[in-house]
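Report on one structure; see the data block that follows.
What follows is calculated from the coordinates using simple rules that are stated; it is not laboratory data. From a predicted model like this one, the values you see are computed outputs, not experimental measurements. Backbone-built Cβ (ideal geometry, glycine too); neighbour counts: all protein chains shown.
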Amino acid sequence: MTHDVMKGAVRFVLDGGLVSQRLSIVWHAGEPLVLPVSYYMEAFAAIEEEVRGRCEVSHSFQTNGTLISDSWCEFMKTQNMRIGLSIDGPAFLHDHHRKTRYGEPTHEQTMRGVEKLKEHEIPFHVIAVVTAAGLDHAEAIFRFFEGLGVRELGFNVEELEGDHIFSSLAGDLTMGKIENFWKQLYELYESCGAAFQIREFERATRAILMPQEKRTLQELATQNDQIVPFRILSVDCQGRLSTFSPELLGVHDEYYGDFIFGQVQMHDLATVRASQQFQRAVNDVMQGVRECSRTCEYFSVCGGGAPSNKYFENKSLSSTTTMYCRSSIQLPVDVVLSRLENKLNIGSSGG
C-alpha cells in the first residue's frame with residue numbers, strides 16, 4: 001500500500017466525519033510484519049501528516065509472531081501500538097494448520113516471537129482458531145495460554161469464509177463437542193480465578209448481567225461494529241474500500257459489486273453512500289438484523305451477527321442464524337448462564 005493510498009483513506013474518514021476523537025488503524029489480512037520496520041516508520045509519519053492533530057491515532061497489528069525481532073520490539077515500544085498474536089495452542093495443535101509455504105511447522109518460531117515480546121515487556125493478546133482437532137483438548141489449550149502469560153484471549157471457532165468453504169466442525173454431533181469444549185474451558189477459567197480474560201466469557205457475562213428491557217433495537221444493534229455502515233472501513237492496497245465485515249473485501253459477487261463501494265482517492269462518503277452496490281448491501285444487512293432481533297433470543301449479545309458469516313454460510317446478508325452464531329455466541333452464553341444459575345441455586349426446590 002502506497003503512502004498516497006494510506007493518506008487517502010485517512011482523508012476519507014476524517015472529511016466524512018466518521019472519526020471524532022480516535023482513529024484505530026488495524027494492520028491485518030496476510031502477515032503485516034513481512035514489510036520492514038522502515039516501511040511502517042514512513043507510513044505512520046505519512047498518516048500523522050494527513051491527520052494534523054485532528055484526532056488520536058492508534059495502530060493494531062495481528063501477526064503470527066514468527067518475524068518479531070529486537071528491532072520490531074524497539075519500534076513497538078515507541079508507538080501507540082496494540083499487538084495481537086495468532087496462536088492456536090500447544091505445538092501439536094498449532095502446527096496442524098499453521099505451516100510455512102513449504103509445509104514446515106511454525107510453533108517454535110512463534111514462541112521465539114513471544115519471548116521477544118516478553119523480553120521487551122510488550123503486552124499482547126491472542127486469537128486462537130478452534131478446529132475439530134482441538135475440541136478434545138480444552139485443558140491442554142487452557143494450560144498452554146495460562147502459562148503463556150496472556151492477558152486477553154479470544155477463540156475463533158473455525159468459520160466458513162472466503163476460500164475456506166469446508167469446515168472440520170460441520171455436523172450436529174460436532175456441535176455437542178463444541179458445547180463440551182466451552183464447558184470444560186469455563187470450568188478451568190473459573191478455577192484459576194479468571195486470571196486472564198477470555199473474550200467469549202466476558203461478552204456472555206456482560207450480556208447476561210446487563211439489563212435489556214430499556215434498550216432499543218437501535219441501541220442493541222450499535223454494539224455490533226460489523227452492521228453499522230462505516231464503523232469499520234476496509235481498504236485494500238489499491239485504495240478500494242468496503243465496510244461491514246472486513247472479510248467481505250476481496251469477495252467476487254456481481255450483485256454487490258464485489259463489495260467494493262468506492263475508491264478512497266476518488267470518492268467521498270456521500271458518493272459511496274449513494275452507490276447502488278452499497279444501498280443493496282446496507283438494505284440486506286439491516287433486514288437481517290431486524291430478523292435476528294425478531295427471532296433470536298441471543299440478539300442482545302451480538303446485535304445481529306456478522307454479515308460475512310451470513311453471506312458465506314447462508315448465501316444471504318438478510319439471513320439470520322449461522323454455524324458461527326451457534327458455536328461462538330450462543331453456546332458460550334448457555335454455558336455461562338447455566339453456571340450462574342447453579343451458583344445462585346435458581347430453579348431448585350431450595351431456591
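Quick notes on this one:
- Residues whose placed amide H lies under 5 Å from that of VAL130, excluding near-sequence neighbours: ASN156, VAL157, GLU158
- As a proxy for reagent exposure, ranking ILE232, ILE198 by other Cβ atoms within 10 Å from fewest up yields ILE232, ILE198.
- Among 284-291, 243-250, the peptide with the highest mean count of other Cβ atoms within 10 Å heads the list, and the full ranking is 243-250, 284-291.
- Neighbour counts of C-beta atoms inside 10 Å place HIS252, HIS125, HIS120 in the sequence HIS252, HIS120, HIS125, starting with the fewest.
- The residue list THR174, MET6, CYS302 was ranked by how far each Cα lies along the charge dipole of the chain toward its positive end, using unit charges on Cβ atoms, and CYS302 comes out on top.
- Per-residue HN-Hα couplings for the range 315-320 [Karplus 6.51, -1.76, 1.60; θ = phi - 60°; Hz; x = Gly/Pro]: 6, 7, 5, 8, 7, 10
- Listed from fewest to most Cβ neighbours within 10 Å, the set TYR255, TYR311, TYR40 follows the order TYR255, TYR40, TYR311.
- Gyration tensor over alpha-carbon atoms, the range 217-339, equivalent ellipsoid semi-axes in Å: 28, 14, 13
- 3J(HN,Hα) along the range 281-297: 5, 5, 5, 6, 4, 5, 5, x, 4, 4, 5, 4, 5, 7, 10, 10, 6 Hz, from the Karplus curve 6.51 cos²θ - 1.76 cosθ + 1.60 with θ = phi - 60°, whole Hz, x for Gly and Pro.
- Here the sum of -39500 (n - 2.57) over DSSP H runs of 4 or more residues, divided by the residues of the chain, equals -13500 deg cm²/dmol at 222 nm, to the nearest 500.
- Karplus-derived HN-Hα couplings along the range 37-52 (A = 6.51, B = -1.76, C = 1.60, θ = phi - 60°), whole Hz, x at Gly and Pro: 4, 4, 4, 6, 4, 6, 5, 4, 5, 5, 5, 4, 4, 7, 5, 6
- Whole-Å semi-axes of the range 1-123's equivalent ellipsoid (Cα gyration tensor): 31, 15, 13
- In a simple Cβ point-charge model (Lys, Arg +1; Asp, Glu -1; nothing else charged), the chain has a dipole of about 760 debye relative to its Cα centre.
- The amide H of PHE124, built 1.01 Å from its N in the peptide plane, has ARG151 as neighbours under 5 Å, considering only residues 5 or more places off or on other chains.
- Backbone amide hydrogens, once placed in the peptide plane, bring GLY65 within less than 5 Å of SER86, excluding anything fewer than 5 places away on its chain.
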